[in-house]
C-alpha cells in the first residue's frame with residue numbers, strides 16, 4: 001500500500017485517507033440491499049483501521 005508512515009503527520013494523513021475510503025465504500029452501499037458479506041467487509045475495514053491506529057499510537061507513545 002506504499003511506504004511505511006513513520007512521522008506522526010504522515011501517519012495521521014494515512015488514517016484520514018483510510019477513513020475517506022471507508023466512507024466512500026459505505027456511501028455506495030444501498031441500505032435496503034446490504035447483506036452479511038457487505039457488513040463483514042465494512043467491519044473488517046474498521047478492524048484493520050483500528051489495528052493500524054493502535055500501531056501508530058504505540059509509535060507516538062514511544063516518542
Need pairs with beta-carbon distance below 6 Å; first residue at positive phi and free of Cβ contacts under 8 Å to residues at least 12 places away in the same chain and within region 36-63, second in a helix (DSSP H, G or I) and surrounded by fewer than 11 Cβ atoms within 10 Å (Cβ to Cβ); sequence gap 6+ or separate chains. none
Given (1) at pLDDT below 95; (2) loosely packed, with under 13 Cβ neighbours inside 10 Å, number of the condition residue 48 does not satisfy: (1)
Qualifying residues in region 26-37 (those that are assigned to a helix (DSSP H, G or I) and out of contact with any helix residue (DSSP H, G or I) (no Cβ under 7 Å at 6 or more places or on another chain)) - the one nearest to residue 48 (Cα to Cα): 37
Could you please give the count of residues in region 1-25 that are more than 21 Å from residue 61 (Cβ to Cβ), surrounded by 11 or more Cβ atoms within 10 Å (Cβ to Cβ) and either touching a helix residue (DSSP H, G or I) at 6+ places or on another chain (Cβ under 6 Å) or modelled with pLDDT under 95 (or both)? 1
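The values are calculated or read from the model by the stated rules, or taken from the named source; none is laboratory data. The structure presented is a predicted model; accordingly, all values stated were derived computationally and were not measured. With ideal geometry, Cβ positions are generated from the backbone for all residues, glycine too; neighbour counts draw on all protein chains shown.
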